[in-house]
1. Hey, with R₀ at 25 Å, roughly what FRET efficiency would K9 and T320 work out to, going by the Cβ-Cβ distance, to 0.05?
2. May I ask you to work out the translational diffusion coefficient for segment 267-343 at 37 °C, viscosity 0.692 mPa s, via Stokes-Einstein with Rh from the Kirkwood sum over Cα pairs, reported in whole µm²/s?
3. Quick one: grab the alpha carbon gyration tensor of segment 15-100, order the square roots of its eigenvalues as a ≥ b ≥ c, and give me rounded if a/c is under 1.5, else prolate or oblate depending on whether a/b is larger than b/c.
4. Just add up the charged neighbours of Q270: K/R +1, D/E -1, any other residue whose Cβ is under 14 Å from the Cβ of Q270.
5. Treating only the Cβ of Lys, Arg, Asp and Glu as charged (+1, +1, -1, -1), what charge dipole size does the chain show about its Cα centre? Round to the nearest 20 debye.
6. What angle do you read, to the nearest 10 degrees and between 0 and 90, between the alpha-carbon axis of helix 336-351 and the longest principal axis of the chain?
7. Rounded to the nearest 500 deg cm²/dmol, what is the calculated helix-only ellipticity per residue at 222 nm for the chain, with -39500 (n - 2.57) per DSSP H run of length n ≥ 4?
8. Sort segment 164-224 into rounded, prolate or oblate with this rule: let a ≥ b ≥ c be the square roots of the eigenvalues of the Cα gyration tensor; rounded if a/c is under 1.5, and if a/c is not under 1.5, prolate when a/b is larger than b/c, oblate otherwise.
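Only the coordinates and a few stated rules stand behind these numbers; no lab work does. The model shown is predicted, which means the values in this text are computed figures rather than measured ones. Don't worry about glycine lacking a Cβ; one is built from the backbone with ideal geometry, like all the others, and counts go over all protein chains shown.
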Amino acid sequence: MRQSHLFTKTQKEAPADEAAKNATLLIRAGYVHKEMAGVYQWLPLGLKVVEKIKQVVREEMNAIGAQEMIATNLQRKELWERTNRWSDDVVDCWFKSELKAGGEVGLAWSHEEPLADMMKNHITSYKDLPIFIYQFQNKLRNELRAKSGVMRGREFVMKDMYSFAQGEEDHTAFYEASKIAYMKVFERLGIGDDTFITFAAGGAFTEFSHEFQTICEAGEDITYISKDRKIAINEEVLNDDTLKELGVQKDDLEAVKTAEVGNIFNFGTQKGEEVGLFYKNEAGEDIPVWMGSYGIGVTRLVGVLVEKFADEKGIIWPETVAPYKVHLVGLNLDDKEIKDYAEGVYASLDNKGIPVLFDDRAEVRPGEKFAEADLMGMPYRVVVSKKTKEEGKFELTNRTTGETRLLSEEELYNHL
């Protein structure tokens, strides 16, 4: 991709109405545009990050047997009334609208009810189970005070997955597999060491649900953790009974600020009974389907990664999610010989399958180019200039460490 072809521009100043570091940097670097409080447009570079996170999640969900689909955003009022979750007194984050043809609809904030209802067309016998489905979708939640940038918005991309099983044993097997899959996702995104499976307020039939909390100063939760024992407890359920059940002392736990990046819930048979989702067992009896739900905040993860890895110069992307692996910075491009040389390097990197953003702008000063490269945060910066051509070397800088090396063409390609 040529930087001269990007319609987005970087900004030197932080937006006056944005306090969160993640959103400030994402806006300045041209990854998102703030439409209103809690609502962001994902621009080409930002979309690449989102799609790469989605692909990591997709691969791990597929690996445990889940099937991808996409559900509608419009939801029927009467369906949610069956589970007593249409009322604003029960769920206070609904966006609702009226159809011109008559009747109210809700804009999706979650999908347990409609997907359980849909499954009545596909589940009749025990032979049809288990089933695991997931989607990526823009969710809408009417947050009273949207804050924390893209980490808590009124519109956001979520991966939500739902399991349908015969009973607790089959459900538990998938529930435990999903824990492992989630941790693989966070490890691949570079935050595995700082992410903990956390005991939180319970689901329908268990005392605890599980959250995935990442240590992050911009997070909104307080989590008590023991790194040695890999135990983490959300502040909301930290009490003597919980400590006793988990076999830990409060003095053994460290209180840290965290951001919730995922959660999993056990619904038992409650949703099946409320919605009317049953299957026939081997004896021909109608049995309610056992359900669970599993969420990952995709766009929230973008914000968490920015908050955790950014420095005073700008964003630092893990290679797994970076829009491009290399930011190729061309200098002295008003010299045709150097321009042709830089174009050749760009073509070579591209031909070798190395994702590269080429700063091919001849009118921009070197200092400005370097500052923009640091702000945008690609893992590697490669400088091509009159000086490097004369020396027969390439200047390679690692964005994470700041280390700069001069490499031959062969060394450069081998390194990348």
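1. On the way: r = 26 Å, r/R0 = 1.06.
It comes to 0.40.
2. Result for D is 179 µm²/s.
3. Numbers: a/c = 2.54, a/b = 1.28, b/c = 1.98.
Taking the square roots of the gyration eigenvalues as a ≥ b ≥ c, segment 15-100 is oblate.
4. Local net charge: -2.
5. That gives the chain a dipole magnitude of about 1360 debye.
6. Roughly 30 degrees between the two axes.
7. Values: 12 runs with 127 residues, N = 416.
So the calculated ellipticity at 222 nm is -9000 deg cm²/dmol.
8. Numbers: a/c = 3.68, a/b = 1.52, b/c = 2.42.
In terms of gyration-tensor shape, oblate.
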